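Chemist: First, the structure itself, so that you have it in front of you.
Bear in mind that the values in this text are calculations on the coordinates, not laboratory data. Worth saying up front: this structure is predicted, and the values here are computed from it rather than measured. Virtual Cβ from ideal backbone geometry, glycine too; neighbours counted across all protein chains shown.
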Amino acid sequence: SAAPDLTLEEELICSICHELFKDPVVLSCSHSFCKVCLKNWDFPPINRALRSLAPRNLALRNLVQKYEEQREQNPPLCKLHSERLRIFCLDHEEPVCLVCRDSRTHTDHKFSPLEEAAEDLREKFTLALQVLTETKQQFEDTAAHITAQARHTEAQIRDTFDKLHQFLLEEEDTRMKALREEEEQKTRRMKDKMAAVSRDMETLSKTIAETEEQLIAIDISFLLHYKSTLEMVQRCPLVEDPKMEHRALINQVKHLGNLSFHIWRAMKTVVRFYPIVLDPNRAYPGLILSEDLSSVKLEAKQWLPQNPERPTYRSVAGSKMFRSGTHSWDVEVGNNKDWDVGVSGHVQRGDKQEHGCFSVCFLDYKYTACSLADTDTAHLPPRRGRPRLAPEAGLTVPALGVPAGGSVMWSIQAFIKREMTVMEMGWLARELMEDTWPRVGAAERRGRGGEGSGLFPW
């Protein structure tokens with residue numbers, strides 16, 4: 001079927017750039033293209049000569065120029081009234097003519113000059129584009145952060161397993177060496193005993209042979225050598241029945257008994273267990289966690305993805321949440337001059353989440369129990385605390401390592417309400433010294449704990 005008739009503008013479009021012809025040239029095949037398009041097009045080698053041979057299509061160029069001039073002189077018209085579009089309707093967000101402005105369709109509408117409307121909309125689109133660009137950049141940065149997190153975590157996993165493999169190899173070498181030493185020692189003893197028995201047997205055999213010769217000798221010869229033969233027989237040591245000495249065999253109990261357990265117990269010297277670790281995804285951007293996620297220190301604020309669970313205050317959350325039971329931990333705070341440690345709770349109410357916290361705070365060289373209730377202040381300087389959490393009763397924090405006879409205990413009971421069933425633990429670091437890392441260790445845990453993590457608001 002025949003191709004449909006093209007409009008004038010479609011006839012004046014370059015098939016390469018899809019714009020109106022600019023300085024068009026015509027090829028020997030009668031096709032026309034922009035000179036720039038033809039120059040930059042990747043021709044195969046056999047057609048490269050066409051670049052220099054293609055003459056300008058002056059007729060087509062003039063036609064395009066006239067079309068552009070005519071289009072500028074005849075701007076788009078209103079589709080309803082065939083009038084020139086002169087103003088912009090802010091309510092309908094479209095250009096209209098003056099007749100449209102006075103019609104019922106646009107009653108009480110607001111209008112703006114086309115130039116101002118174009119400027120405002122360009123600014124609006126620029127801002128929207130900026131927001132989209134920033135959002136796209138945030139997503140790209142977050143994706144890069146996830147990749148970096150994965151690679152760093154992968155490296156940490158490999159490093160941990162390398163250390164464990166190295167430990168197991170060294171432990172294997174040590175135990176195999178001990179086994180070989182015992183084998184060599186007991187084999188050597190057995191060979192020495194066998195050599196001694198062989199020597200005694202040789203002497204005895206020789207004595208028996210000589211004695212038998214005397215027994216078959218003539219009487220006069222036997223009588224002449226009787227006394228010396230008797231002395232030789234009496235001097236010959238009697239070989240007792242060979243008896244195996246105690247513990248002559250390999251001590252398999254020593255080498256194999258509870259082998260896995262002993263290896264595991266030895267691994268405790270290189271492996272630390274923390275009942276609660278810190279969550280890097282719920283850490284303030286200025287807090288740096290140790291590689292094993294057990295310690296935290298404050299440094300310059302760094303860029304991190306603003307995921308919903310990340311706090312906007314200087315705190316880091318623990319990895320566990322508890323609904324019931326009694327729980328306690330050892331938290332080493334060292335010589336830090338300013339810190340908070342405690343627990344937080346939240347309860348979900350529809351789309352709203354209510355938070356609360358209570359903690360032990362060290363500020364201005366004073367230790368304070370902080371909660372929604374009254375606070376008590378202690379002045380002794382403990383360096384290790386054992387928070388003890390009983391959701392039905394409150395938080396009790398006895399200080400460890402205080403002077404003899406001293407007793408420091410904070411007890412907070414007014415905070416927990418019956419509807420706050422989830423209790424969570426976290427750490428708040430206000431101004432931690434860079435060379436000191438507060439660390440959480442195991443003390444005791446009783447009761448039932450749920451999987452999850454907590455946030456410590458301040």
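Chemist: Quick check on packing: order 301-314, 120-133 by the mean number of other C-beta atoms within 10 Å, highest mean leading. Don't skip to the end; give the middle numbers.
Modeler: Numbers: 301-314: 12.5, 120-133: 10.4.
Ranking, from highest mean packing down: 301-314, 120-133.
Chemist: So for the pair Tyr313, Arg235, with labels modelled 7 Å out along Cα→Cβ, what separation do we get in nm?
Modeler: Those two pseudo-labels are separated by 10.2 nm.
Chemist: Now a separate question. Compute the FRET efficiency between Thr326 and Lys136 as 1/(1 + (r/R0)^6), taking r as their Cβ-Cβ distance and R0 = 56 Å, and round to the nearest 0.05.
Modeler: Efficiency, rounded to the nearest 0.05: 0.70.
Chemist: Collect residues whose amide H, placed 1.01 Å from N in the peptide plane, falls under 5 Å from the amide H of Glu332; neighbours closer than 5 in sequence don't count.
Modeler: Arg439, Val440, Gly441
Chemist: Among 146-158, 278-290, what's the highest-first ranking by average C-beta atoms within 10 angstrom per residue?
Modeler: Numbers: 146-158: 10.9, 278-290: 18.6.
For the peptides 146-158, 278-290, the packing ranking is 278-290, 146-158.
Chemist: A further question on this structure: Please list, ordered by chain and number, the residues whose modelled amide H lies under 5 Å from the amide H of Phe111; skip anything fewer than 5 residues away on the same chain.
Modeler: Distant-sequence amide H within range of Phe111: Leu90.
Chemist: Calculate the spin-label point distance for Asn335 paired with Met267, positioning each point 7 Å from the Cα along the beta-carbon direction, and give it in nanometres.
Modeler: Placing both labels 7 Å beyond Cα along the Cβ direction yields 3.6 nm.
Chemist: Shape of region 112-162 from its Cα gyration tensor (a ≥ b ≥ c, root eigenvalues): rounded if a/c is under 1.5, otherwise prolate when a/b > b/c, or oblate?
Modeler: Values: a/c = 12.91, a/b = 11.94, b/c = 1.08.
The shape class here is prolate.
Chemist: Which order do the peptides 17-30, 162-175 take when ranked by the mean count of other beta-carbon atoms within 10 Å per residue, highest first?
Modeler: Output ranking for 17-30, 162-175: 17-30, 162-175.
Chemist: Nearest 0.05, what FRET efficiency do His18 and Leu164 give at R0 = 60 Å with Cβ-Cβ as r? Display every interim value, and only then the final one.
Modeler: On the way: r = 63 Å, r/R0 = 1.05.
With a Förster radius of 60 Å, E is 0.40.
Chemist: Next question, about the same structure. Which whole-Hz couplings ³J(HN,Hα) result when phi for each residue of region 201-210 is put into the Karplus expression 6.51 cos²θ - 1.76 cosθ + 1.60, θ = phi - 60°, listed in order with x for Gly and Pro?
Modeler: 5, 5, 5, 5, 4, 5, 5, 4, 5, 5
Chemist: Which of the pairs Lys136/Lys320; Lys254/Lys320; Lys186/Lys268; Lys177/Lys268 have their Cα atoms more than 29 Å apart in this structure?
Modeler: On the way: Lys136/Lys320 33 Å; Lys254/Lys320 40 Å; Lys186/Lys268 33 Å; Lys177/Lys268 22 Å.
In this structure, Lys136/Lys320; Lys254/Lys320; Lys186/Lys268 lie more than 29 Å apart at Cα.
Chemist: Also, quick follow-up: Glu202 to Glu181: FRET efficiency via 1/(1 + (r/R0)^6), r the Cβ-Cβ distance, R0 41 Å, to the nearest 0.05? Mind dumping the intermediate values first?
Modeler: Details: r = 32 Å, r/R0 = 0.77.
After rounding, the FRET efficiency stands at 0.80.
Chemist: Can you compute 3J(HN,Hα) from phi for each residue in region 279-285, using the Karplus curve 6.51 cos²θ - 1.76 cosθ + 1.60 with θ = phi - 60°, rounded to whole Hz and x for Gly and Pro?
Modeler: 9, x, 6, 10, 10, 4, x
Chemist: Suppose the chain between Glu83 and Tyr365 were pulled fully straight at 0.36 nm per residue; how much longer would it get relative to their current alpha carbon spacing? Kindly include the intermediate steps, with their values, before the conclusion.
Modeler: Numbers: separation 282, 0.36 × 282 = 101.52 nm, distance 8.13 nm.
Stretched fully, the Glu83-Tyr365 segment lengthens by 93.4 nm.
Chemist: Near Lys337, which lysines are there with a Cα under 20 Å away, not counting those fewer than 8 places off in the same chain?
Modeler: Lys297, Lys301, Lys366
Chemist: Pop a pseudo-label 7 angstrom from the Cα along the beta-carbon direction at both Thr174 and Met190 and give the gap in nm to one decimal.
Modeler: Placing both labels 7 Å beyond Cα along the Cβ direction yields 2.8 nm.
Chemist: Out of residues 5 or more away from Leu363 or on other chains, whose amide H comes under 5 Å of its own, with H placed 1.01 Å from N in the peptide plane?
Modeler: Answer set, sorted by chain and number: Thr368.
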